[in-house]
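Colleague: Pasting a structure here, questions to come.
We did not get these values from a lab; they are worked out from the coordinates using the rules stated. No experiment lies behind these values; they were computed from the predicted model shown. We place every Cβ from the backbone using ideal geometry, glycine too, and count neighbours over all the protein chains shown.
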Amino acid sequence: MRHQKNTRKLGRTSQHRDALLANLVASLIQHKRVKTTLAKAKAARPLAEKLVTLGKSGTLHDRRLAVAKIGQRDIVSKLFAEIAPGFKDRKGGYTRIIKLGPRASDSAPIAFLEWVDYVVEVEAAPTAKAEKAPKADKPKADKPAKAEEAESVEVEVVDAPAKKASKAPKSKD
């Protein structure tokens, strides 16, 4: 019986699952936001939060425990130097899961796993005036040249062959 065994198996062996979650959390640390399935996001969230808790204390022992979990020293150093100090005054809840809807290919629910303090940088859309300005700067001499090229192109029309008459179905005599 599986009473109080709350590990999400994700259809993998334990070694494969541990490697998958370690890579997912490493990508979260590196990119600050990861797009994945909802089940994987829910499985990776506790690991990410425990690693931030290790990073907040910052001892050598905690650093070694984090390297043992993730396996990438450069990612762990980024965790301890950049991410964990930002959560010094927070007692938990370092990540959020934003549901995006089903994936087109197999309808698996997709979600973003991101840090709570992550801010999405959105580029401003160009205004209508900005789009019209480059068109006005074009020289007017280009239009006649294009028109001359269009006139010099010869188009040859070929008659399509006539459709064959469809055969009537043969009757059984």
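Colleague: Give me D89, D62 sorted ascending by neighbouring Cβ count inside 10 Å, so fewest comes first. Write out the running numbers ahead of the final one.
Modeller: On the way: D89 6, D62 18.
Ranked by crowding around the Cβ, least crowded first: D89, D62.
Colleague: Here is a further query. Just to check I understand the Karplus step: with θ = phi - 60° and J = 6.51 cos²θ - 1.76 cosθ + 1.60, what whole-Hz values come out for the range 6-22, glycine and proline as x?
Modeller: With coefficients 6.51, -1.76 and 1.60, one gets 9, 6, 7, 7, 6, x, 9, 6, 5, 5, 5, 5, 4, 5, 4, 5, 5 Hz.
Colleague: Right, something else. Exposure proxy check: E123, E82 ranked by fewest other beta carbons within 10 Å?
Modeller: Taking fewest neighbouring Cβ atoms as first place, the list is E123, E82.
Colleague: Return P(r) of the range 15-98 (all Cα-Cα pairs; 10 Å bins starting at 0; whole %; ordered from short to long distances).
Modeller: Binned Cα distances yield the sequence 19, 56, 24, 1.
Colleague: Okay, next question. Taking neighbour Cβ counts within 10 Å as the exposure measure, how do L51, L24, L65, L60 sort from fewest upward?
Modeller: If I rank by nearby Cβ atoms, fewest first, I get L60, L65, L24, L51.
Colleague: Quick one: grab the alpha carbon gyration tensor of the range 71-128, order the square roots of its eigenvalues as a ≥ b ≥ c, and give me rounded if a/c is under 1.5, else prolate or oblate depending on whether a/b is larger than b/c. The partial results should precede the final answer.
Modeller: On the way: a/c = 2.02, a/b = 1.38, b/c = 1.46.
It comes out oblate by the Cα gyration axes.
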